[in-house]
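The values are calculated or read from the model by the stated rules, or taken from the named source; none is laboratory data. Computed from a prediction, not measured in an experiment: that's the story for all the values here. Don't worry about glycine lacking a Cβ; one is built from the backbone with ideal geometry, like all the others, and counts go over all protein chains shown. Calculation scope for accessible area: heavy atoms of the full protein, side chains included, ligands and nucleic acids excluded. Shrake-Rupley method; radii C 1.70, N 1.55, O 1.52, S 1.80 Å.
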Amino acid sequence: MITFVSMQLLKRIFDLYLHGSVHVALAVYALVRMTFHFFHIDYNPPMAFFAFFGTIVGYNFVKYDELVRAKKLKMTPERKAIVVLSFASFLAAAYCFFQLERQTQIVSVAFLGLTMLYTLPVFPKIGNARNWAGVKIYIVAFCWAGITLFLPIINADLPLSQDVWLKFCQRFLLVIILILIFEIIDLKHDDASLQTVPQKLGVKKTKWLNLFLLIPFYCLEFLKSDFQIIQLWINFILIGVIAVFTVFASPKRSEYYTYFWVESVPVFWWLLVIILK
């Protein structure tokens, strides 16, 4: 009996961790830390934790705002906990925001504006950007790549060199690749009007597209001015893991397949860099 209760409690905590966007925030934090590493930037806690806590606030706002406005959200204990978590994260993100450089704050506000455009019905006749057919995937990828790369670079007052733009393209592709796995899993739930890639191409062709995108993702590393052999091996391991996730993706998979395992890819990448370098 005690074991059963303990397992139920652990499951609730784990679900709160996932549904409260803490896991995805950890993925963003990992990519920020990788930016510090690749561009030899001293660890900056306000920058790293601004991205972490800001992701929790942003993702929870995106996920639950429309339901709240439509009054379709039943306030379960888990959702009440998510509200508390989001409010605490907002305060933490605000504190970190005022520790950043002025130019970083300005760019952060620009990304906030893009998030608002994505979520709120700014244009009543056409809805929010989240519902624009075929646009969602690019907005999310741009925000991930920009926040995890541009913000740390700008805050460190480094130039937007060729290597920075190559890393931006690489991360943009990574997020596109991961989102395509999400779209395969979510195929049974997504409205047909969204016109996601699996809806247009089918699951099989989407998987082939994803596997193809891993090639330019990997090859971009060769174009860096100071690419290292060890990083090529790290990226090779990474694309192998992503390829496996792609091949076994199916609308029949549970949400844990993407919300935990697939979203762990950036963390796994960061850990590979730490361990092998």
### Query
Which of the aspartates and glutamates could a cross-linker bridge to residue 200, judged by Cα under 17 Å and excluding same-chain residues fewer than eight apart?
183, 186, 190, 191
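Per residue, how much accessible area does the chain have with a 1.4 Å probe, in Å²?
On a per-residue basis, the chain sits at 53 Å².
Around residue 146, with a cut-off of 15 angstrom between Cβ atoms, what is the net charge of the other residues, counting Lys and Arg +1 and Asp and Glu -1?
Around residue 146, the charge tally is +2.
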### Task
Provide the per-residue ³J(HN,Hα) series for segment 135-149, in order, calculated from phi with Karplus coefficients 6.51, -1.76, 1.60 and θ = phi - 60°, each as a whole number of Hz, with x at glycine and proline positions.
9, 3, 4, 6, 5, 4, 5, 5, 5, 4, 5, x, 5, 7, 10
### Cα centroid separation - segment 203-258 against segment 79-106, whole Å
32
### Task
Leaving ligands, DNA and RNA out of it, report the carbon-plus-sulfur percent of the accessible area of segment 176-243 at a 1.4 Å probe.
72
### Message
Calculate the FRET efficiency for residue 224 and residue 160 from the Cβ-Cβ distance with a Förster distance of 22 Å, rounded to the nearest 0.05.
### Response
0.90
### Query
What's the Cα-based Rg to Rh of segment 230-277, Rh via Kirkwood?
1.04
### Query
Based on Cβ point charges of +1 for Lys and Arg and -1 for Asp and Glu, what charge dipole magnitude is obtained for the chain about its Cα centre, in debye rounded to the nearest 20?
900
### Task
Between beta-carbons, use under 12 Å as the cut-off and find the net charge around residue 260, counting Lys and Arg +1, Asp and Glu -1.
-2
### Message
When a/c reaches 1.5 or more, the comparison of a/b and b/c decides; with that in mind, is the chain rounded, prolate or oblate per its Cα gyration tensor?
### Response
rounded
### Convex hull per residue volume in Å³, alpha carbons only, for segment 161-227
78
